[in-house]
Amino acid sequence: MEELIGAPLIAAADASCKLSMQTAEFIQDVGVNATTGELNTVGFSYKKSVTASDGTISSEDKTIKVPTLAIVNIPNLQVKEVNVDFEMEVKQQTSTSSKLSTEVKAEAKYSSTFSPFSASITATVAGSRESQRSTDNSAKYTVKVVARDDGMPEGLSRVLTMLSNIIVETDDAATVPDTEEI
């Protein structure tokens, strides 16, 4: 039973580990510059309408610098549930049989030198006894094992919140940062 229950759970745990490593590799490859170790960012420039105190409307060039990880979907697939359902039937069957046979022979002869009569008696007694006993012990087991992973790790959630908070807006369109292809 250990193999029947354990093997699928171990396979699910291995798959979960591989999925976690894929998430970590994605964050490292997409979110961090391999050369500098700094966060990769994406820069956007746009025009923003500004109303002056005298009511005139003008436009200003603005740029925004966004960490790449804050705007892309980070693959965070995990094994959520594993059900191992099986039925196992254990049968124990015992059968015993015994046979007892007996036979008794008796023989008697009578003859006399003084009597003209003679007799001979032969007797056979036979007996047989047979008994059979059968026992059937059966049991059925149903085993259900559920393993669950309940969501995004708290640390990753906090990092994504911090990344969202460091989005920077500047007034100079010329300072749009270099972006790296994803």
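The values are calculated or read from the model by the stated rules, or taken from the named source; none is laboratory data. No experiment lies behind these values; they were computed from the predicted model shown. We place every Cβ from the backbone using ideal geometry, glycine too, and count neighbours over all the protein chains shown.
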Quiz item: Does Gln28 meet the test of being touching a Pro at 6+ places or on another chain (Cβ under 7 Å), at pLDDT 90 or above, polar (S, T, N, Q) and part of a helix (DSSP H, G or I)?
Solution: no
Practice problem: Consider only pairs whose beta carbons are under 9 Å apart and that are at least six residues apart or on different chains; among these, list those whose first residue lies in the stretch 27-50 and is in contact (Cβ under 8 Å) with a residue 24 or more places away in the chain and whose second residue is among the charged types (D, E, K, R) and assigned to a loop (DSSP other than H, G, I, E, B). | Solution: Val30/Glu180; Asn33/Glu180; Asn40/Glu180; Thr41/Asp178; Thr41/Glu180; Val42/Glu180; Gly43/Asp178
Practice problem: Among the residues of the stretch 110-134, write down those that are assigned to a strand (DSSP E or B) and at pLDDT below 70. | Solution: Tyr110
Self-check item: Subset tally (residues that are in contact (Cβ under 8 Å) with a residue 40 or more places away in the chain, in a strand (DSSP E or B) and not acidic (Asp, Glu)) for the stretch 56-70
Solution: 6
Quiz item: Are there any pairs with C-beta distances below 7 angstrom linking a residue in the stretch 4-19 that is part of a helix (DSSP H, G or I) to a residue that is among the charged types (D, E, K, R), with the two at least 6 apart or on different chains, and if so which?
Solution: Ser16/Asp149
Quiz item: Based on what the data block shows, is Ser53 in a strand (DSSP E or B) and surrounded by fewer than 11 Cβ atoms within 10 Å (Cβ to Cβ)?
Solution: no
